[in-house]
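See below for the structure under consideration.
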Amino acid sequence: MDFNMKKLASDAGIFFTRAVQFTEEKFGQAEKTELDAHFENLLARADSTKNWTEKILRQTEVLLQPNPSARVEEFLYEKLDRKVPSRVTNGELLAQYMAEAASELGPTTPYGKTLIKVAEAEKRLGAAERDFIHTASINFLTPLRNFLEGDWKTISKERRLLQNRRLDLDACKARLKKAKAAEAKATTVPDFQETRPRNYILSASASATLDDTSCPLSWAEWKEEYPGGWRPPCFFLLPLNPSVTRARGCLSLQKDRKLWNDEVDKAEQELRVAQTEFDRQAEVTRLLLEGISSTHVNHLRCLHEFVESQTTYYAQCYRHMLDLQKQLGSSQGAIFPGTFVGTTEPASPPLSSSSPTTAAATMPVGPSVAGLAPPGEAALRLEEVSPPASGTRKARVLYDYEAADSSELALLADELITVYSLPGMDPDWLIGERGNKKGKVPVTYLELLS
């Protein structure tokens, strides 16, 4: 218990010294050891990395889970080190409602059949979303959290230690400066015959003991008894009266010089120790801050993986919806003839040149497909399709595409094909040619070249 109290008192003294030094620096009353420009740049880059990582992490969590209540629940499960329960996605819930509605309204009716088809597609979309969330959480969110909860906490701890070492170093510098000033002042011997006020003497303290019974000494006797000389030990002047003889507790100049010499030596030793500790801590902190570059490389790799998982997710969604569109289009002509994809009526011209439908609309147009297929048949007779007289365009394939039937052309990423459009075609599709092969290709898989 005694040891703990001593340590507590020592820690309190150090804390007080640091607080005084910090306050004086804020008010401009003390000097501050400045770090070099490179070190300051490392600190600024580390702070910027931490701030933006937090923002990216929070917004990615919002993207993956828009429901704030669900995010709070997942956070609590994570802090309690428990497995997060499986949660139904919005797409899967919608698919469940549609399937139940089809069962109740009649699965054999046109509306019920369509509900069942859409429900199956929404279920596949929900499953794709679940896989995307799981992959993004592991490959992207987890590394960001590990940085904030691991590496950054270590950096922050070492930075706090560096700040304390700097305050200790500056306090030692200030202490040494004051000790040297006091030593220089103590070496000055005052001439009491010239400067001593009449009827006053210097006292060692405000409560110095004065002898009223002794006979007063002459000035020559004072100098003979204390040949080492005199100095003012403090700043109190006491008036003499006839009964006052001499002040006690005053030190000679030689003893005073030795005292301040020892004090200066002690301050210099403390400064050397503080400087060594500061340099060591600065080097440790510098190495951690330079490791931010490795953190950037790791986050870059995670970002690529996040983009890949997002690309895969949206490609799956597109394929599922494309399959659903084909399924619905095969039965649309019988229910609502002349109003769906595959009719001979040309599509209205698009307003924006940035959409996929614009690309199809701006393609060279060949002969109408109305005469190429019998009424009610959506398939093209490709052997009768020829490039338009207005010419064709080149396109680069962005992603691999597997043909769903013989009317479509299979694609490989990065290959170049020739494309053109036909009147009455779905604006999301073009006719593509590669060598002696031709077929329909989706516009979203292409980058049209000028």
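The values are calculated or read from the model by the stated rules, or taken from the named source; none is laboratory data. What you see is a predicted model, and the numbers here were worked out from it, not measured in a lab. All Cβ positions, even for glycine, are placed from backbone atoms using ideal geometry, and neighbour counts span all protein chains on display. Protein only, heavy atoms only, side chains kept; ligands, DNA and RNA dropped before computing areas. Shrake-Rupley method; radii C 1.70, N 1.55, O 1.52, S 1.80 Å.
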- Query: THR89 is checked against (1) hydroxyl-bearing (Ser, Thr, Tyr); (2) touching a residue at least 12 places away in the same chain (Cβ under 8 Å); (3) closer than 30 Å to GLY291 by Cα and fails just one. What number does that condition carry?
  - Reply: (3)
- Query: Mind checking which residues of the stretch 97-118 are without any contact (Cβ under 8 Å) to a residue 24 or more places away in the chain and either outside the structural domain of LEU324 (by the TED database) or open to solvent by 70 Å² or more (accessible area, probe 1.4 Å) (or both)?
  - Reply: TYR97, GLU100, SER103, GLU104, LEU105, THR108, TYR111
- Task: Might you check whether a residue that is acidic (Asp, Glu), in contact (Cβ under 8 Å) with a residue 24 or more places away in the chain and open to solvent by less than 50 Å² (accessible area, probe 1.4 Å) occurs anywhere in the stretch 134-155?
- Result: no
- Message: If GLY424 satisfies all but one of (1) touching a strand residue (DSSP E or B) at 6+ places or on another chain (Cβ under 9 Å); (2) outside any strand (DSSP E or B), what's the number of the condition it fails?
- Response: (1)
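Being β-branched (Val, Ile, Thr) and over 22 Å from GLN316 (Cα atoms) is the filter here; which residues of the stretch 423-450 pass it?
Applying the first criterion (β-branched (Val, Ile, Thr)) to the stretch 423-450 yields 431, 441, 443-444.
Selection gives ILE431 alone.
Would it be correct to say that LEU271 is at pLDDT 85 or above and in contact with a helix residue (DSSP H, G or I) (Cβ under 8 Å, 6 or more places away or on another chain)?
On the way: at pLDDT 85 or above: yes; in contact with a helix residue (DSSP H, G or I) (Cβ under 8 Å, 6 or more places away or on another chain): yes.
The answer is yes for LEU271.
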